[in-house]
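The values are calculated or read from the model by the stated rules, or taken from the named source; none is laboratory data. Everything numeric here is computed off the predicted structure, so don't read it as measured data. Glycine gets a Cβ as well: all are built from the backbone with ideal geometry, and neighbour counts include every protein chain shown.
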Amino acid sequence: MIKCYLVSALLVICSILNAGAQSKTGSRKGERSKNTATEMAAKKQMTIEDVVKWSRITEREISPNGSFIAVKLEPWKGSSTVKLYNNKGVELFSADSSWSVSFDSTSQYFIYKRGSVKNSSLNIYLIEDRKERVIESVKSFATPEGWDGFVVYQKTDSTLVIESMSAGKSVLAGKASDYKVSKEGNILLFSNGSDLLLLSLGKERADTIWRGKQKVSKIALSDNGKKISFLSSGKLYVKDGDSQIMEIAGGVSDQRELFFSPDGSRLYYGVAPVTRVRDTTIAKDDFPLVHIWSWKEGKQFTQQVVDKKNESKKSDLHVFTFEKGDSFKISNDYLTETILIDKGNSSLVVGISDQRYLLEQMWNGRDRKDIYIINTFLERASLVKEGADGSVKASPGGKYIYWYSAPDSSWFTCSTSTFEVKRVTTPSTIIAYDQENDVPDWPSSYSISGWSTGDRYMLVNDRYDIWLVDPQAKEKPVNLTLDGRAKKITYRYRSSREDSDSLDLSQMLLLTGFDNLTKRDGYYSITWGENREPQLLYSGNFMLSSPVKAKMSNNYIFTKESFTEFPDIHYSDGNFKKTIRVTDANPQQKNFIWGSAELVKWTSNDGIELEGVIYKPENFDPAKKYPMIVNFYDKNSSALYSHRVPEPHRSTIDYHLYTSNGYVVFNPDIVYREGYPGESAFNAVMPGISAILNMGFVDPKRIGAQGHSWGGYQVAYLATRTTLFAAIESGAPVVNMFSAYGGIRWGTGLNRSFQYEHQQSRIGKTPWESPLRYMENSPLFTMDKVTTPILIMHNDMDGHVPWYQGIEYFTALKRLQKPVWLLNYTGEIHWPQKMSNKVDFQIRMMQFFNHYLKGEPMPKWMAPGLSAIELDYETGY
């Protein structure tokens, strides 16, 4: 009995203590809740004026020793700012109106430019002493690798200077119209009118090595500084070491840069074709201005017109080989492209010709070609592959050329020594083709991650893993990453050094890994030969950039981001056990109502499991009914953790601007059926919206849709199939696939037929093979079903989608007397490029949605509207 009483007493005491603890906890929760409510009340809704002040990080550098990080912060409107940090995240220095950040090779000096583009200073900051030297009126500068402590700069008066940053001493090289700095040998080569001068580091005066009567141009300097080349009056001159300058070619084009191979054994240059002369028997005023199109021509005439300007500057590539002492013409009119092997060190060059396949490109959009290997030393060419499909490249070491053949779903190599072509992968060994391909064409590849040192292995990507492939096809492919497919993680190697073009498999490799289930990014390490899966170093609910490694230390900078976290610069060592956030590019973000991103899933009308992302306001209340904008293109769920930096977008809504102003935004994934792109969009999007509506926080009477180009077409189609939407903005849409099929993409001159037969528009047939498909997928033919107010944006210089598509759309709805407006930013292309036009588009689009989805008053530009005269004087906002 006594024990029972003791237990009872203890229980009573515990319950009293627990109640007191709960009371205190509840009090703390109440305080936190009150604080959160207070913080939210203090936050503002974003406006477009706030958006244009948002900064991006447009330049980033880590010092060679890994101790310092420099960035340029650039707002959409306003001047940029340069900042310098140490690797602890401490800001050391800041300067406005600045750009072009760099470090010298010793990591002692931080160098940048400041002022206006026309009149800027060169600023040299000694990091340890926090001292800065300002050199006014500098046009350009260079900090050559190997020139420790030196900077070369040219002033706006063309004076060229070499300065020792440590000693503070400078050498005035003289006036220069052009200059080049050697990577080795500490040589500065520069031209001054008709003279060519050379200055060695450590000398006080430049030596004049050429005095001519005509201007010197296009100067070139070998990496070791021992060979030079230049043009004068169309003649090409070279100097090799201490030898005399000699002329090696005439008729050389000044439209192509001269350059030496890295080892200095070869000089590459272009020779201009013979200038054509107009028929002088016809007076200039009587010469007809006519375009003649022919059904037999390979390249569409409109393409020829677009290419005409570049063609007039075209020159044939030649190479001068110092060992032979003569030149060889590499390219000609038949070759479309030339690819140097081993960066030009090799005597072999790849020649590409698509001349035999130009006509079929009109409808299949593919780029078949014949591949030649040209021996510039022996002066002969060998055809190694006819009708190859895909882009051709050379391995870093020059032992192979390689390409992906989509019709075969396989990678091929060709040995540059034997010219033997090998099929090194097959679908039975590696699924190298895009498994999610949903266009009526052969799927593309997942590309490659690179080559190992010595061209020993080609690293081929499949959907998830990286494979080591023998370029001679003697060994079976080996799965390097082992578990990607099983774990649904997509591994990729991203080079962390710009100067690294091959992978050393004996060293640890740093990989990125994308989890296709959770959409999280991670960094992984792997070492070949250990026979184990990649080891996770760093991961979380965020998206990661490719890391950038310091040149002389195992330190990295990278960005990580989520919808709520700006992609600021972070710092870490090679193990990524500790990371430090370095920058805070937009501290003002905390002052605004933000939002959140969540992954949602549903089943399409076609029975396919789909995903999408829903974006909610930060002050989200599930008991409320929100207006919602549905915005999409094709697939977006993999970008769940993308930040979507606030921007006055040229073609889409800004997600942060809309969530901050009380909108929910929904971006659904779409999977397409061949021949039914419009219906595929309907079958994916509508049940997705239904799934959101079932959650109870979206007002079904206040749903809008917005899309541009391909997205613009799809929302235009949806407007003919449902009365759900209260407002739709459709940018640069196709509404008539019949007329669009025969149209021209004026930006390139390409005919649009391939797009419908084999690419994005996904019809898979010609109009005469399947006219019903074209009609069913064209919103124009069911415009009478539209009940939704429509805002169209289509510009008169659109080179992607002919703007008469927007006119057809507007005209049909106007004829039916349905509410429609069309924005044409005159002189703009597929989307506005001028900042003022981007801002205007965002203002008008939000006013349009605010009226129909929030009940705000209709702005003047919508009703009663503005005449052509009035638009010269007011915006009608």
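Remarks
- One residue from L231, L172, L189, L197 being in a strand (DSSP E or B) and under 25 Å from N123 (Cβ atoms): L172
- Of the numbered criteria (1) in contact with a helix residue (DSSP H, G or I) (Cβ under 8 Å, 6 or more places away or on another chain); (2) over 30 Å from E420 (Cβ atoms); (3) not acidic (D, E), the one M508 fails is (1).
- Checked against (1) within 17 Å of the chain's Cα centre (by Cα); (2) crowded, with 24+ Cβ neighbours inside 10 Å; (3) not charged (D, E, K, R), H649 meets all criteria but (2).
- Scanning the stretch 288-323 for residues that are of a type in the set (D, E, K, R), surrounded by 13 or more Cβ atoms within 10 Å (Cβ to Cβ) and over 31 Å from the mean Cα position of the chain (by Cα) yields one hit, E297.
- Wholly within the stretch 253-329, strands (runs of 3 or more DSSP E) carrying at least 2 residues that are among the aliphatic types (A, V, I, L, M) and either more than 21 Å from F230 (Cβ to Cβ) or modelled with pLDDT of 90 or more (or both): 266-271, 316-321
- Criterion applied to L536, L509 was being crowded, with 20+ Cβ neighbours inside 10 Å and free of Cβ contacts under 8 Å to residues at least 24 places away in the same chain, and the one residue passing it is L509.
- Of all residue pairs spaced 6 or more apart or on separate chains, those with beta-carbon atoms under 8 Å, a first member in the stretch 415-429 that is within 16 Å of S382 (Cα to Cα) and a second member that is β-branched (V, I, T) and outside any loop (DSSP other than H, G, I, E, B) are T416/I373; T416/I401; F419/I373; F419/V384; V421/V384; V421/T413.
- Residue match in the stretch 600-607 (condition: within 26 Å of Y538 (Cα to Cα), among the aliphatic types (A, V, I, L, M) and either more than 30 Å from the chain's Cα centre (by Cα) or part of a loop (DSSP other than H, G, I, E, B) (or both)): no
- Residue check, A732 of a type in the set (A, V, I, L, M, F, W, C) and on the phi < 0 side of the Ramachandran plot: no
- For the stretch 267-287, filtering for residues that are over 30 Å from E247 (Cβ atoms) and either surrounded by 10 or more Cβ atoms within 10 Å (Cβ to Cβ) or out of contact with any Lys or Arg (no Cβ under 9 Å at 6 or more places or on another chain) (or both) leaves 8.
- Residue list for the stretch 480-502, restricted to those being modelled with pLDDT of 95 or more and either farther than 19 Å from G522 by Cβ or loosely packed, with under 14 Cβ neighbours inside 10 Å (or both): A486
- Residues of the stretch 517-529 that are crowded, with 17+ Cβ neighbours inside 10 Å and either outside any loop (DSSP other than H, G, I, E, B) or within 24 Å of the chain's Cα centre (by Cα) (or both): K519, R520, D521, G522, Y523, Y524, I526.
- Residues of the stretch 65-74 satisfying the condition of being assigned to a strand (DSSP E or B) and touching a Ser or Thr at 6+ places or on another chain (Cβ under 7 Å): F68, V71, K72, L73, E74
- For Y334, the requirement of being surrounded by 17 or more Cβ atoms within 10 Å (Cβ to Cβ) and either at pLDDT below 95 or within 31 Å of the chain's Cα centre (by Cα) (or both) is not met.
- Any chance T429 is surrounded by fewer than 18 Cβ atoms within 10 Å (Cβ to Cβ) and within 23 Å of R494 (Cα to Cα): no
- For the stretch 480-499, the set of residues classified as at positive phi and of a type outside the set (A, V, I, L, M, F, W, C) consists of K488 only.
- Considering residues of the stretch 149-173 that are surrounded by fewer than 18 Cβ atoms within 10 Å (Cβ to Cβ) and small (G, A, S) only, the residue nearest to V138 (Cα to Cα): S158
- Some residue of the stretch 341-356 being more than 14 Å from R266 (Cβ to Cβ) and of a type in the set (D, E, K, R): yes
- Across the stretch 115-141, the qualifying residues are those that are of a type in the set (D, E, K, R) and closer than 22 Å to A176 by Cα, and the one among them that is modelled with the lowest pLDDT is K118.
- Every residue from the stretch 540-560 that is crowded, with 17+ Cβ neighbours inside 10 Å, in a strand (DSSP E or B) and out of contact with any helix residue (DSSP H, G or I) (no Cβ under 9 Å at 6 or more places or on another chain): L544, V548, K549, N555, Y556, I557, F558, T559, K560
- Scoring E565 on the criteria (1) within 21 Å of L599 (Cβ to Cβ); (2) part of a loop (DSSP other than H, G, I, E, B); (3) free of Cβ contacts under 8 Å to residues at least 40 places away in the same chain leaves a single failure, condition (3).
- Any chance K560 is basic (K, R), without any contact (Cβ under 8 Å) to a residue 60 or more places away in the chain and under 25 Å from K53 (Cβ atoms): yes
- Hits in the stretch 457-482 (condition: in contact with a Gly (Cβ under 9 Å, 6 or more places away or on another chain) and without any contact (Cβ under 8 Å) to a residue 60 or more places away in the chain): L459, D462, R463, Y464, D465, I466, T481
- The residues on offer are V698, V613, V664, and the sole one that is more than 28 Å from Y804 (Cα to Cα), crowded, with 18+ Cβ neighbours inside 10 Å and under 24 Å from the mean Cα position of the chain (by Cα) is V613.
- Residue-level analysis places S395 among those that are within 18 Å of D501 (Cβ to Cβ) and small (G, A, S).
- Helices (runs of 4 or more DSSP H) within the stretch 746-838 that include 2 or more residues surrounded by 17 or more Cβ atoms within 10 Å (Cβ to Cβ) and either at pLDDT below 95 or hydrophobic (A, V, I, L, M, F, W, C) (or both): 804-815
- Of the strands (runs of 3 or more DSSP E) that lie entirely inside the stretch 75-142, those containing 3 or more residues that are not charged (D, E, K, R) span 81-86, 91-96, 98-103, 109-115, 120-126, 138-142.
- Output for the stretch 106-139, where each listed residue is under 20 Å from K83 (Cα atoms) and among the hydroxyl-bearing types (S, T, Y): T106, S107, Y109, Y112, S116, S120, S121, Y125
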